[in-house]
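Just so it is clear, none of the values below were taken in a lab; they were calculated from the coordinates. It should be emphasised that the depicted structure is a prediction, and the values quoted were computed from it without experimental measurement. Reconstructed Cβ throughout: ideal geometry from the backbone, glycine too, with neighbour counts over all protein chains shown.
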Amino acid sequence: MEINQSLERLSHLVNIIPPLISKIPEEEFNLNPAPGKWSKKQILGHLLDSAANNHQRFVRIQFENVPSIYYDQDNWNLYNHHQDLSKKHLIDFWTIYNTHLIQLVARIPAENLERKGKGKDGSLNSLSWYIEDYVKHMEHHLKQIVNY
């Protein structure tokens, strides 16, 4: 998947996913399926945490020398209190945040797309790789929440 395809896919998701998630009954959305497993609400919250961390990558990789950006997803989910927030709040925030990221990525100069960032495991990846991976990661988790 290249950057334009990633942007098109992300735009498509921002348009189709919010109404689908809105239709999920509250009880189902809030249900923790097993100890140590996230509810659908927490999975959507995780996607917000991913957006926040990837937002940093999408900006910082353009001007910092190989920034190392990663996060503890369980603690981010816990301390953002996603399970306690309303479904509407999470959906609205997810929609707006990803709409913003679409605008940001669309404006990244081509020469910056091959700049590198470092992952938690020490691997070096290009900005274009992080953008494509962001959308793939999102789809993986969206399919845990809703069928589309």
task = With a cut-off of at most 15 other beta carbons within 10 Å, and DSSP calling the residue loop, which trypsin sites (Lys or Arg not before Pro) in region 1-108 qualify? Please list them.
result = K23, K37, R107
22 Å Cα-Cα threshold exceeded, pairs from K23/K88; K40/K120; K116/K143; K120/K143; K41/K136 = K40/K120; K116/K143; K120/K143
task = Using Cα pairs closer than 8 Å and at least 6 residues apart in sequence, work out the relative contact order for region 3-145, in percent.
result = 35
inquiry  = Under a crude label model (7 Å from the Cα following the beta-carbon direction), how far is K116 from I96 in nanometres?
reply    = 3.8
